[in-house]
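The values are calculated or read from the model by the stated rules, or taken from the named source; none is laboratory data. No experiment lies behind these values; they were computed from the predicted model shown. As a convention, Cβ positions derive from the backbone with ideal geometry for all residues, glycine included, and neighbour counts pool all protein chains shown. With ligands, DNA and RNA removed, areas are computed over all heavy atoms of the protein, side chains included. Shrake-Rupley method; radii C 1.70, N 1.55, O 1.52, S 1.80 Å.
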Amino acid sequence: MNKHINIIGKIALLLYIAVAALGVKAAPKASGVVTRADADSAYVRQQYQQAIKCYEQLLKDGVNADIYYNLGNAYYRVDDFTHAVLNYERALLLNPGDKDIRFNLQLARSKTIDKITPESEMFFVTWYRSLTNIMSVDGWAVCALICLTLAIVLFLIYLFSDAVWRRKVGFFGSVFMIVVFVLSNIFAFQQNKILSERAGAIVISGMAPVKSTPAVNGTNLFILHEGTKVNITEDFSTQWSKVRVAD
């Protein structure tokens, strides 16, 4: 009898543990926790203000190019082109090779008041900049590691292969991979420099008078409007910065 009671007790204990485990697994998410699915769902339902709140909450946990991009889209939908430009710019810093981000950024810029014409540059500078922006820092770092690995493999083929054509492929292939490895590191350094030494800023206020000197009574040179991008060339104080406009 006692044996049967013990068996029944063990079965009841196992059932209790199983039910408790299912309860933990099926427990609803903690109140106030926002997920990417919540933000995307709000955007799909055209609840753009809710989507904006969700995306901004997600960004508190860490920056992400896709979330900045979606946040820019949500701001664009509510005709807040200034914050759309701001978040597209942030997304582009993290993922400079994304064509969708660039297209939407240009579209948002066309909605702002100031129409700034980009300054002209030599064709090889444009080409180099475009090549650098194909991938992000992480992308170029991965590319460099892959090239280094392939260079080692090809060099080993050159050293230990008997066939002449394999030795040629190994030698010239390894040299090519070393060149790409070096370029990838240079491009990664350039991208990291852009991220760490940010000089761009977006005008958020409705109008911002640009003065000739860092003083309230300085002469107003011209007016910049919200959504316009400037480059900060020097910081005079927490209140004043020297800026340069693209045109």
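Determine, yes or no, whether Gly170 is more than 30 Å from Asp80 (Cβ to Cβ), among the small types (Gly, Ala, Ser) and in contact with a helix residue (DSSP H, G or I) (Cβ under 8 Å, 6 or more places away or on another chain). Answer is yes for this residue.
Of the residues examined, Asn87 is one that is in contact with a Leu (Cβ under 6 Å, 6 or more places away or on another chain) and either open to solvent by 30 Å² or more (accessible area, probe 1.4 Å) or within 20 Å of Ser136 (Cβ to Cβ) (or both). With respect to Asp162, determine if the residue is acidic (Asp, Glu), over 17 Å from the mean Cα position of the chain (by Cα) and under 26 Å from Gly227 (Cα atoms). When the stated conditions are applied, Asp162 does not pass them. Ile194 meets each of the listed conditions (1) in a helix (DSSP H, G or I); (2) farther than 23 Å from Pro118 by Cα apart from (2). Please go through region 199-247 and give me each residue that is outside any strand (DSSP E or B) and among the polar types (S, T, N, Q), ordered by number. Selection gives Ser205, Ser212, Thr213, Asn217, Thr219, Thr228, Ser237, Thr238, Gln239. Among the conditions (1) more than 15 Å from Ile113 (Cα to Cα); (2) under 29 Å from the mean Cα position of the chain (by Cα), the only one that Asn217 does not satisfy is (2). Could you tell me whether any residue of region 180-190 is in a loop (DSSP other than H, G, I, E, B), open to solvent by 70 Å² or more (accessible area, probe 1.4 Å), at pLDDT 90 or above and of a type outside the set (Val, Ile, Thr)? For region 180-190, residues in a loop (DSSP other than H, G, I, E, B), open to solvent by 70 Å² or more (accessible area, probe 1.4 Å), at pLDDT 90 or above and of a type outside the set (Val, Ile, Thr): absent.
Taking the criterion of being part of a helix (DSSP H, G or I) and touching a Phe, Trp or Tyr at 6+ places or on another chain (Cβ under 6 Å), the residues of region 97-155 that qualify are Ile101, Asn104, Leu105, Ala108, Thr132, Trp140, Ala144, Cys147, Leu148.
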